[in-house]
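Taken together, the values in this text are just the output of simple stated rules run on the coordinates, not laboratory data. Given the structure is predicted, the values throughout are model-derived calculations rather than measurements. Every residue, glycine among them, receives a Cβ derived from its backbone with ideal geometry; neighbour counts consider all protein chains shown.
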Amino acid sequence: MIAVPFSKVPRLPVVSVISVFSRASVEGRARLIGRLGRRSALWLRGVVGGGGRGGWRLARREEGNAIVEFIGWSAVLVVPVLYLVVTLAQIQATTFAVASAADAASRVLEVDDSPSAMDKARVATGLALSDQGVDADPAGSLSVACARGCARGQAAIVKVAVGVDLPGFASLGIGRDVVVVDAERAITLPGKEEQ
């Protein structure tokens, strides 16, 4: 853009020139440039188009809008992404805790053939879950399924299932049944198979 010093611009009735310049078609602008002279038209275009003296007034009116827009877009974009990261971290921690609990319970049940083996497996499940900060009932989380009765030497499936506490869902009255994470381990019960 060519800048023309204000002192060299002829004095014109600004209101009528601006209204003609802003509403004029291409032909009207060409006539205006011919009437005012090239320098005057460039100065006028700078004022109306945002440059020159009038441009500074426009820039002062918009001062501080970048901060407001930054805060607004941050709230719109960053808060959901942050919630997603926290939620995925909670699900991952629960998944790790459930896998550890299934491993601990299956180790106990593979080695111990006493009547208290299931109680010991529940204790091991509770310890593994509490190590990761998962608050779940070990008795309700642990289950053992056998194909032909849980007798000595039989194959069994140890399953640990826990619901995930999603951030903010408890205040909405939604429980842990939204996301449930489970892990299974196949074991052979201790002792010789009875025939």
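For a protection proxy built on the mean count of beta-carbon atoms within 10 angstrom, sort 156-162, 69-75 highest first, please.
For the peptides 156-162, 69-75, the packing ranking is 156-162, 69-75.
Expressed in nm to one decimal, what extension gain is obtained for the pair Ile91 and Arg176 from 0.36 nm per residue of sequence separation less their Cα-Cα distance?
Here the answer is 29.5 nm.
Quick one: which of 169-178, 130-139 comes out on top by average Cβ neighbours within 10 Å, and what's the full order, highest first?
So the peptides 169-178, 130-139, ranked by packing, come out 130-139, 169-178.
Taking a point 7 angstrom from the Cα of Thr188 along the C-beta vector, which residues in the range 113-147 have backbone N less than 19 Å away?
Only 113-114, 145-147 fall inside the zone, counting backbone N under 19 Å.
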